[in-house]
Every structure is written in C-alpha cells, then in structure tokens.
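Right, one structure below, let's go through it.
Rule-based calculations on the coordinates, nothing more; no lab input. Model, not experiment: these values are computed from the prediction. Virtual Cβ from ideal backbone geometry, glycine too; neighbours counted across all protein chains shown.
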Amino acid sequence: MEHDVARAPRLTESASAVFAVLAQAGTATRPQLASLARLSKPTVSSAVAELEGVHLAAHSGTSSGGTGRSAAVYRLGPAAGAVLAVDLGPALTRVRGCALDGSLLAEATGPREDAADVVRDALCALPADAPLRTIVVAVGDVTPPQRMRPATAKAGPVFDAVAVALPPGVPVHLENNVNCAALAELHEGAARGRHTFGYLRIGVGIGLGIVVGGQVLAGANGAAGELARLPYPWDDDLEPRHEALEEYIGARSLLRRAAEAWPGTDGRCPCTAEQLFALAGQGSAAARAVVDRHAVDVGRLAAAVTAVLDPGLLVLGGSTGAFPQLLPGVRAELERLSWPTEVVSSQVGDLGTVVGAARLAVARGVQTVTEAARMKH
C-alpha cells in the first residue's frame, strides 16, 4: 500500500509550537495549549486555526470546566501523519506504526528472516491517508549515527533486505537497539523518575545504554556502551581477542557451559536460556550452579560499568539478563567489587527496543513537521 510522503506545510512559529505541545499532550483545550506552549490565548487561537486549516489539528469534542463553561478539545489532524519503528532483533522482527501523539496504529511481529514481510504487514495496517513522516530502524551497531542508511557489519545484510519494503522518499534512521531499550526503561520501565542510569543488556550479545541527565549518551562515534569491544581476557598468557567478552558472556556460551557441566543423571540438558532458568527455579543443582556462575560474570561486568560511570542504577535486560534469578548474584558480586549501586530487572522486556524506537520515531516525526516553521510575511 502506498503512503503519502508529502512535505509538511510551512507553519508560523506559534503554530509549530502549538503542534509540538499538542502532539505531546494528545488532546488539549486552547487554554491548556496556551499554558503548555507559554503563548497568549489570542496567539494560540490563531495557531489552532492555522493548524486546522492544513488538517494538522482537529476538533475532537468539548470539555466542561469547573465554572460550567465548555471548551473545545483538539487533537492532531489526519495530515499530521504517522511514523514506523522497526526492531531487527536476533530472532524476531518487531514493527510498530504510531501517530505523532504516540498512539499505536499498527504492529507486526515475525521471524528475522521474514523481516521485509513483517514491515509490509505493518505498513498495510497504517491509515492509507496518513503521510509517513519518518522510519527508525533499531539494529545492533550504528556508526556513525548521523548517517542515514549506513552499511554496518552487523546490520547491513538484514537492513538491505528490509530496505526494499520501505516506502521511497521517507527519511530512515538507524539507531542502536540497546539505546532504544534504555529509552523505553527511562520513560515506561524500571528507570522512570531516574535521570541517570545504565541499561545493561545480556543476551546473544551484550551492550550498554547510557542515560545521563535524561538523554542517551551516543559518544563521539555513536559507539558509547559497546561493551563487546572491551579487551578480554586479561591474562598474562592470553592475548585479548576481538569481541571475546561478548563471546564468553553471551547466551550461546552460557548454554555451552551448561552442556559441558550437565550430569547425565539430571536428564536432558536445557537447549534454551528459558529452560535453564526454569530448571534452576525448580531446584536443579546443575542448573543453579550454571546460573549462579553467570550471575557472577554479569556482576563483574556490572562492576566495570559502575567503576567508569557511577550510574547509581543498573537495569538488567536481554534474553538472559532480565531473569530476576540473576539479581542476588549480580548484586553480591557488584557490592564485593565496587560501591553500592542499585540493580533491578527490566520492566519492558522483549518489547523494549521497539517501544524505544517508536518513541524516537515519534520525536523525529514531530520534528519533520515543526522544523518547517517559518514566519509568514
């Protein structure tokens, strides 16, 4: 299904400001918009009329105040458009389409190898008359972040397969998947109310989302938090290898260590992390030993992060990191090696990356409308 990708109309600065606060509020009366935008009521009335004239705002009912007076309520209009967020995960592709007020319009999930079809399904579910403002694709490695559609070792082939399903003419931005998940934890998860923290993802790969002052830290090359690049091992007789730490602490090595240590008397060795942690929870000594060792390893990595960042809070996520059974061991090892730091499990789970990517897409979508603001003469 084709989507309109027409440019946003030029707006006055006041209409641009009112559009931005209306997108954030979802619905609002003119007095509320005046307060949020810090503009006079006459200026807001003129701005609302301008937005209605180009279908960027629409009347959505009335609201009764305490004095008995009713006020018109406004929402974004059909011309405001939509955005798309794509999470190219290691196993699944998740896609969300949202309006510029953040409301969910469409979503689709499918195997990674069918990523292009998943994107097409989500696009088909979007309103056909909604201009598509921007697309954010969350991938495992983005360097540098300011380039659009960069070719990277980790994202290139999969992204190239998805790119054929994306509508031409729509700005596409690649974002680090761990940073997206950190944003989700900040706004909707375990870090709500905290302006500085670290989101430590432990799964097939490892990564760190760094939030300072409520903003994700990208770094000079867009590679802040790439823990896989830490030199490992540190040993007199062994040379550090490229991404050896990720290889050691990732989910595949965790399951391999479980297989090597699994006693034949305990039945079949678990094939997934979910099975391993379930057995540990059921009292399996072998599974418990592997999980406890993994918690120590994650705790040591957390201690390294804490020594550099002093984040105050670490949120553990990822396909293995999010299991609450890790928390006691991680906390104990971190306390042994570093200063007190709060450690909690992720609250957004597997949806964190696409939720954070959607939030970024909405912000970029609003920007595409408001950056066209020009004072009319």
To the nearest 10 degrees, how steeply does helix 251-261 sit against the main Cα axis of the chain, on a 0 to 90 scale? 20 degrees
With 10 angstrom as the radius, rank S35, S319, S345 by how many other C-beta atoms surround their C-beta, starting from the fewest. S35, S345, S319
Trypsin sites (Lys or Arg not before Pro) restricted to DSSP loop in the range 168-268 with at most 12 other C-beta within 10 Å: R192, R241, R268
Taking 7 Å along the Cα-to-C-beta vector as the label spot, tell me the R10-A223 distance in nanometres, rounded to one decimal. 4.3 nm
Label assignment, log10 I(q)/I(0) by the Debye sum over Cα atoms at q = 0.07, 0.14, 0.15 Å⁻¹ derived from the structure, set (i) -0.31, -1.37, -1.59; (ii) -0.38, -1.16, -1.26; (iii) -0.31, -1.20, -1.35: (ii)
Loop trypsin sites (Lys or Arg not before Pro), the range 8-114 (other Cβ atoms within 10 Å of the site Cβ: 12 or fewer; DSSP): R38, R69
At R0 = 56 Å, how high is the FRET efficiency between R268 and E371 if r is their beta carbon distance? Nearest 0.05 is fine. 0.45
Compute the helix-to-body angle for 285-309: its Cα long axis versus the longest principal axis of the chain, expressed 0 to 90° and rounded to tens. 60 degrees
Pull out the extension gain between A332 and Q275, defined as 0.36 nm times the separation in residues minus the alpha carbon to alpha carbon distance; nm, one decimal. 18.1 nm
Could you give the nm distance between label points at Q282 and D117, where each point is 7 Å from its Cα heading toward the beta carbon? 3.4 nm
Could you let me know the centre-to-centre spacing of the range 323-376 and the range 39-57, using Cα atoms, in angstrom? 34 Å
Mind pulling the angle between the C-alpha long axis of helix 115-125 and the longest principal axis of the chain? Nearest 10 degrees, somewhere in 0 to 90. 30 degrees
So between V73 and D129, what do we pick up on full extension, going 0.36 nm a residue minus the alpha carbon distance? 17.9 nm
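Based on a Kirkwood Rh over C-alpha pairs, give the Stokes-Einstein translational diffusion coefficient of the range 13-79 at 4 °C and viscosity 1.567 mPa s in µm²/s.
112 µm²/s
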